[in-house]
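The values are calculated or read from the model by the stated rules, or taken from the named source; none is laboratory data. Just so it is clear, the structure is predicted and the values come from calculations on it, not from any experiment. So basically every Cβ, Gly included, is an ideal-geometry build from the backbone, and we count neighbours across all protein chains shown.
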Amino acid sequence: MAGKENYVDGEEAAHFFSSIHIKETNTGMPNFTPAQGGFTIKFPQAPNQSIDNTNNDGIGRWQYEAADKINGDGYLLLKKSVYNFRFLEEDSFNLKLVEESFRSPDYYDKQLLRKLSSFKGYPCLDVKEKLKDGSFVSARYIIKGPQYYVIAAHSKNAKKDFSSYFDSFNFTPYVYTNSKLYIDTFIHFTALTPVIPDLDQDYRGKLEQVSQEVSESKVYASYNSYWPKNRNAFFKSDSTGEMVGLTVQHYPQYYYVKDSTKFWSGELEDYLSKNDMKVYSKDSFLLANGVRGFKFTLRDSGSSTTISRMNYLKDNYMFSLVTMGDTMNKQSSFIDSFFLSFAPQQKTLGRNIFNNNLDSFFIDLFSKDSTTYARAFKSISNIYYGEKGAPKIMAALQKLKLADKDYFTIKTKLIAELGYINDSTKPVVVNYLKDIYQQTSDTSLFQNVVMEALARHKSSNAIKLFKELVMQDPPIFDKEYDYTSLFNNLEDSLALAATLYPEILQLTTLQDYKEPVTSLLVKLVDSGYVKASQYVSFYNKIYFDAKIALKKQQGKDEKKAEADKKAADNDEDNGGDATRTYNNNYGGINKDDELNDYAVLLMPFYDSNVNVPKFFDKLLKSKDENICMNSAIVLLRNNKPVADSILLALAAKDQTRGSLFTKLDKIKKLDKFPAKYNTQLYIARSYLVADKNFSRIDSIVFVSKQLTFYDHKKGNTYFFKYRIKKEDDWKIGISGLQPENINKTSSNNKLSFMTDKKLRDDKPQNEQFEEQLKKILFSFHKSAKNFFEGDGNS
């Protein structure tokens, strides 16, 4: 009690405090069931019930606690609902997450029992822990769809059997009030539900009005994205934790679906493409009012949790319902009622997305109304034009006048769209683009867009015209990236791109074209689309350019040798504490890629021209280990000899050993890897060094190894301690996953990390390594990416 006056000493306080009565705890209760249902369990007495909303994830957790007054044993049940509609984790990992959350290292000393099992069909983990104070905790973790349960008992008696307590737990149906009709005019639906969102309708009405006014404003139409933002609603019961999610997608003004079958299959594929979930069941439906939709259930291997979805298409609105469940039980009355009764509003919400709206778009593009024009303008690059749209684009281009607003932007965007149109039925696009090119001979901006559209069109006629025009009058761009982008568009169809050669190599005399033209040729030669005979007439120029690049590299090698000598002298001056040098770059632009490209282009002439083997010999002698290694790989891939001493020198160095092993593995030439260094310890050490680009490292020391289960495979993970400078603290290094068989090696380096975490003196080393490994393993799971966030000792 508090206030401005002295109420505490007055009658008010006496009356208030005397009214307080402590409720007597009932003992001997055979079963306990919360008012909202969900489960029943036997406690020694009526438990204290509370909900904890202070968790970092913002999800409330129900807590039920009771104590045995006779022996002091404690009983606890925790329940938490975790809804995630994007992916499903394996039950075993989710149980591990529950275990990790419950098991505090500040209080727990040693795990005495850990057993994965099944409790009445549901995934379960039984554990027994010894605490640092000498007492014991027995716990059972259970997963039931999105519902997570922890049932635990605490005792000082190590032999206390709590099996009757654990086995008394049973699931029961949730208890809800009667469903009511909920009408939502904001996102246009109705549903029968006992769970109503707590939102003032008058306030929401004002939000609707403001939202509508903003969406129709000129500024919004000009700058907002093409796709309207999704509208979302969540119906969640605070008492049971159950939830239904609703997302409403309003399709854009000019959105058009050509193929309804592909549209619906695409809707389903969107839910599957970014994860490993599988469709367990699906069904489509057509309602009396013309509303179409489909419902489906998603599962994943190793998971007993399911995701249920139902999509309705009404005019140009897609309503998507989603909830979670499990493979054992039917849904609750709340979920069933909501899904079965849900319906989009009967009134017409918008246009039919299966009707082409191109005519309206072009009318709006030339509208005098600024808002209408702005909406069409922002949609130019997002519309599906299709084969029938090509003549409409040409008509619009002819209608455009220099005085029109955004003339240059509109024209370039419409020309660019021609490059995306597949006109296989009646080819007209290439002729259109040729006409535009000729009609805009005085405007390089439009001609450049024509060239980009031709490169993107992926047809033989388009490539033929592209070749003719680029050889006749190469386009000039303002940015270097535009040249690269022009030729990158050709890489999707290497067979067509090959027809540009060898003639297009003439453009390599122009500095802007040299790199992209050469880079594309490298891909074509490497993939077998272009043979040596096709560009033999350009051999002399390629060889000359390769020699120049090599001379530049040799100059860089000399500078590096000088720098290495100075570093070695400094080490001697410091008492001989030499550090390992790992960075091979010394100023300037790295020529690794350029020389590797020339190696690929010259390789086909290896047997026919004596200069090529000599060129490769010089590459192999480069002080730059990457150039040496890449050249060796090109030779071995083409079954040419490489001296054992070269491979041995590369394998001897931590920085290059792992990379050499990986590259040889990729070309199926691991038999060439030096046997001396083909051990798990050597390979793991090298992959660890490669994790960071440190110029020098003082020490790396092997500590131990441990069997690890990752990505459905068991293998060895190696623990190292490292320090960058002699005066630095030792830090934790982890490298894996090597095969379980110690005599085999692998290029799998997914678990290789210099963690930057310091080794502490007050804790056993192995515990620290295991803890960091656990954090790494957890980070590979979507549900645990941020599980250890903020927990560090660096």
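Quick notes
- Members of region 597-612 found to be of a type in the set (Ser, Thr, Tyr) and buried (at least 20 other Cβ atoms within 10 Å of the Cβ), listed by number: Tyr598
- Matching residues, region 300-347, being touching a Pro at 6+ places or on another chain (Cβ under 6 Å) and in a strand (DSSP E or B): Tyr312, Lys314, Phe319, Met324
Conditions tested, residue by residue: (1) part of a loop (DSSP other than H, G, I, E, B); (2) under 35 Å from the mean Cα position of the chain (by Cα); (3) under 27 Å from Thr305 (Cα atoms).
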site	(1), (2), (3)
Ser92	no, yes, yes
Ser101	no, yes, yes
Pro105	yes, yes, no
Lys110	no, no, no
Leu125	no, yes, yes
Asp133	yes, no, no
Ala152	no, no, yes
Lys159	yes, no, no
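- Selection within region 131-146: residues that are out of contact with any helix residue (DSSP H, G or I) (no Cβ under 6 Å at 6 or more places or on another chain) and among the charged types (D, E, K, R). The member of this set that is nearest to Met243 (Cα to Cα) is Lys144.
- Any chance Ser179 is out of contact with any Cys (no Cβ under 6 Å at 6 or more places or on another chain), surrounded by 20 or more Cβ atoms within 10 Å (Cβ to Cβ) and over 17 Å from Trp62 (Cα atoms): no
- Output for region 255-287, where each listed residue is charged (D, E, K, R) and in contact with a strand residue (DSSP E or B) (Cβ under 9 Å, 6 or more places away or on another chain): Glu267, Lys278, Lys282, Asp283
- When Ser163 is tested against the conditions (1) surrounded by fewer than 20 Cβ atoms within 10 Å (Cβ to Cβ); (2) small (Gly, Ala, Ser); (3) under 30 Å from Asp300 (Cβ atoms), the lone failure is (3).
- Qualifying residue in region 476-496 (condition: more than 30 Å from the chain's Cα centre (by Cα), farther than 21 Å from Asn596 by Cβ, of a type in the set (Val, Ile, Thr) and surrounded by 14 or more Cβ atoms within 10 Å (Cβ to Cβ)): no
- So Leu88, is it assigned to a helix (DSSP H, G or I), within 13 Å of Ile143 (Cβ to Cβ) and among the aliphatic types (A, V, I, L, M): no
- Listed by first and then second residue, the pairs with beta-carbon distance under 7 Å, at least 6 apart or on different chains, first residue in region 673-695 and over 17 Å from Asp756 (Cβ atoms) and in contact (Cβ under 8 Å) with a residue 60 or more places away in the chain, second surrounded by 17 or more Cβ atoms within 10 Å (Cβ to Cβ) and among the hydrophobic types (A, V, I, L, M, F, W, C), are Ile683/Phe661.
- Subset tally (residues that are under 20 Å from Glu515 (Cβ atoms) and either outside any helix (DSSP H, G or I) or among the acidic types (Asp, Glu) (or both)) for region 474-499: 12
- Which numbered condition Thr240 misses (of (1) part of a strand (DSSP E or B); (2) crowded, with 21+ Cβ neighbours inside 10 Å; (3) at pLDDT 95 or above): (1)
- Breaking point among (1) over 30 Å from Ser381 (Cα atoms); (2) over 33 Å from the mean Cα position of the chain (by Cα), for Leu465: (1)
- Residue match in region 751-769 (condition: at pLDDT 95 or above and within 25 Å of Phe87 (Cα to Cα)): yes
- Elements of the type strands (runs of 3 or more DSSP E) sitting completely within region 703-794 and holding at least 2 residues that are free of Cβ contacts under 8 Å to residues at least 60 places away in the same chain, on the phi > 0 side of the Ramachandran plot and surrounded by fewer than 19 Cβ atoms within 10 Å (Cβ to Cβ): there are none.
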